[in-house]
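The values are calculated or read from the model by the stated rules, or taken from the named source; none is laboratory data. Computed from a predicted model, the values in this text were never measured in an experiment. Cβ atoms come from the backbone with ideal geometry, glycine included; neighbour counts cover every protein chain shown. SASA here: full protein model, heavy atoms, side chains in, ligands and nucleic acids out. Shrake-Rupley method; radii C 1.70, N 1.55, O 1.52, S 1.80 Å.
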Amino acid sequence: MSKFSLAPAPVIILTGANGGVGYGICQRLLFQLCQLNAPDSLPQHFASNVKSQEKAPVGYRGVTLIMACRNKQRASAARTKLLNWLENQRSTLRGLPNYDEDYTSTFIANCNVHIHELDLASVSSVLRFSAEIRKTYPYVSHLLLNAGVASFVGIDWIQCFKQLASGPIHAITVPAFYTQHIGEISGDNLGWVWQSNVFGHFVLFRELEETLKKSPFESTRVIWCSSLEASSHFYDSADWQLIKTDHSYEAAKYQIDLIANCLDLIALQNSETTKVTRHFVGEPGVCSTSISKALVSGLLDEVKVIAFYIARLFGSPHHTILPWCAAVTFVHLVLAPLCYLPIFLNNDPSKPVRFSAQTGRWGDEYVGLTEVKEWEKHKEEGYALIKKCDKLYESFKQAEAVTQDI
């Protein structure tokens, strides 16, 4: 193995890893890491600041992938399926131009996939998970915050037909006709959708912040999962736990846009005095997953997927449809050198970027850029949300400490 320049083995935590886009990330990530100079690590079209001497690592000594899931039984089944799938990919890998038998065999031998139980709607569960990670692993190099929930009820068919009439492709890209539950509360007496999507992940990052800094890589990365549906339109700062809004999913994803970009800007301000943990926002495009299947099933679900393919043929870059394609942006954010990843759109500080999974008409996936909506108007709210989350996090930590003392 001395003929290869090998980077240390990354330790990657992925929430919501047992299904949908999360499982697609697992597949794509392992498949890419099996290759020297993984294609997903190479610069995308927007990487204008690439120097010739800056290259992606040739390969890795192995990987530890931690599947952080709420249901251990489903996670165990997904792990078995994933490892069997990876072994069956050997024939596909052998046909690739950068295939090297010694490297791939050694990497797979050092590929460790572990399961740890995590319920993001329970702060106690997040604290237990984090303590277990700190005790078990010497460092964490990447934290992929993919898991999330949407409290969908059904479809407002009148609104659906109105939106389809005014713009059919936009209607099946950013639908505004899903009805959602209002006022759902978690066991911690917090907004359930908010805690599951935003606060649970925020606590996880804070709990593992020092463990991330122990990584041997140039920088550690926290990758937040947003959505094309993220919208400030449904967000009221007075309802920051999203209990009163009737579009909690869109508002939660918009909070992620704000919080992640604010955390990244804070980290960059301290980059000269401390090791940086970077924060990136990715979104998977329009992917057919179990969340959407809960709204429409059977024939309607098939019609929906056909509509996605039609939209793509008519030029929509956002209909990734398959989890494998939707995963491209997250795997790129894991593997690409920092010099390939812009902070702002066109170097404009008023336009922080989100990395977007996109495809061509025939399904060839790539990473694109979209901007955070109304950033200048709401960026201070992002910093305010971080303060609110930190204060709430500390209150739970203190309560947990009291409970343990008792």
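Structural remarks
- Highest mobility in the GNM of the chain, judged by mean-square fluctuation with C-alpha springs under 10 Å and restricted to Val153, Val353, Val203, is found for Val153.
- Across the chain, the relative contact order, built from alpha-carbon pairs under 8 Å that are at least six residues apart, equals 19 percent.
- Taking the chain as a Gaussian network of alpha-carbon nodes connected by springs under 10 Å, the highest mean-square fluctuation of the residues Leu300, Leu14, Leu212 belongs to Leu300.
- Shape category assigned to the range 302-351 from the gyration tensor of Cα positions, a/c cut at 1.5: oblate
- Share of Cα-Cα pairs in the range 143-194 lying beyond 18 Å, as whole percent: 50 percent
- Here the range 129-241 is assigned +1 on the Cβ of each Lys and Arg and -1 on the Cβ of each Asp and Glu. Its dipole about the Cα centre then comes out at about 360 debye.
- Between Val372, Val276, Val198, the GNM of the chain built on Cα springs shorter than 10 angstrom shows Val276 fluctuating the most.
- Of all aspartates and glutamates in the structure, the ones whose alpha carbon falls short of 12 Å from that of Lys351, not counting any fewer than 8 places away in one chain, are Asp257, Glu371, Glu374, Glu376.
- Taking all protein chains together and a 1.4 Å probe, the residues Trp240, Trp194, Trp324 rank Trp324, Trp240, Trp194 from largest to smallest accessible area.
- Rounded if a/c under 1.5, otherwise prolate or oblate - the range 191-343, Cα gyration tensor axes: oblate
- Accessible surface of Ser105 - all protein chains present, 1.4 Å probe, nearest 10 Å²: 40 Å²
- Distance from the alpha carbon centroid of the range 156-181 to that of the range 76-117 works out to 41 angstrom.
- The convex hull of the Cα atoms of the range 152-240, projected and averaged over all directions, covers 8.6 nm².
- For Asp246, the solvent-accessible surface computed with a 1.4 Å probe is close to 80 Å², ligands and nucleic acids excluded.
- Rolling a 1.4 Å probe over the protein heavy atoms of the chain, with every protein chain left in place, gives an accessible area that is 52 percent carbon and sulfur.
- Principal axis analysis of the Cα atoms in the chain yields extents of 62, 60, 46 Å, listed in decreasing size.
- The chain: calculated mean residue ellipticity at 222 nm from DSSP helix runs of at least 4, using -39500 (n - 2.57): -13000 deg cm²/dmol
- Largest-first ordering by accessible area, 1.4 Å probe, given options Tyr103, Tyr23: Tyr23, Tyr103
- Members of Lys213/Lys379; Lys275/Lys391; Lys304/Lys377; Lys253/Lys397 lying beyond 30 Å, as alpha-carbon distances in this model show: Lys304/Lys377
- In the chain, excluding the sites themselves, the longest stretch lacking any of the GluC sites (Glu not before Pro) that are in a DSSP loop with at most 12 other Cβ atoms within 10 Å is 55-217.
- In this Cβ point-charge picture (+1 for Lys and Arg, -1 for Asp and Glu), the range 164-309 has a dipole of about 300 debye about its Cα centre.
- Point-to-point label distance, Glu218-Lys388, nm (Cα→Cβ direction, 7 Å offset): 3.7 nm
- If you sort Lys253, Lys162, Lys304 by accessible surface, 1.4 Å probe, largest first, the order is Lys162, Lys304, Lys253.
- Separation between Cα centres of the range 348-385 and the range 222-272, rounded to whole Å: 12 Å
- Contour excess over end-to-end distance, with Cα ends at Gln159 and Glu302 and 0.36 nm allotted per residue: 49.4 nm
- Excluding same-chain neighbours fewer than eight residues apart, the aspartates and glutamates reachable from Lys81 by a Cα-Cα span under 19 Å are Glu117.
- Near the amide H of Ala147, within less than 5 Å, lie the amide hydrogens of Thr15, Gly16, all on another chain or at least 5 residues away, with H placed in the peptide plane.
- Relative contact order %, the range 322-371, counting alpha carbon pairs below 8 Å whose residues are six or more apart: 37 percent
- Accessible surface area normalised per residue over the range 9-127 is 43 Å², counting heavy atoms of protein chains with a 1.4 Å rolling probe.
- Length-normalised contact order of the range 325-406 in % [C-alpha pairs under 8 Å, at least 6 apart]: 23 percent
- Unit Cα scatterers, Debye sum, the range 286-406: log10 I(q)/I(0) for q = 0.09, 0.13, 0.20, 0.23 Å⁻¹: -0.45, -0.79, -1.08, -1.19
- Compactness index (Cα Rg / 2.2 N^0.38 Å), the range 241-286: 1.49
- Kirkwood-type radius of the range 74-197, with distances r between different C-alpha atoms, in Å: 19.3 Å
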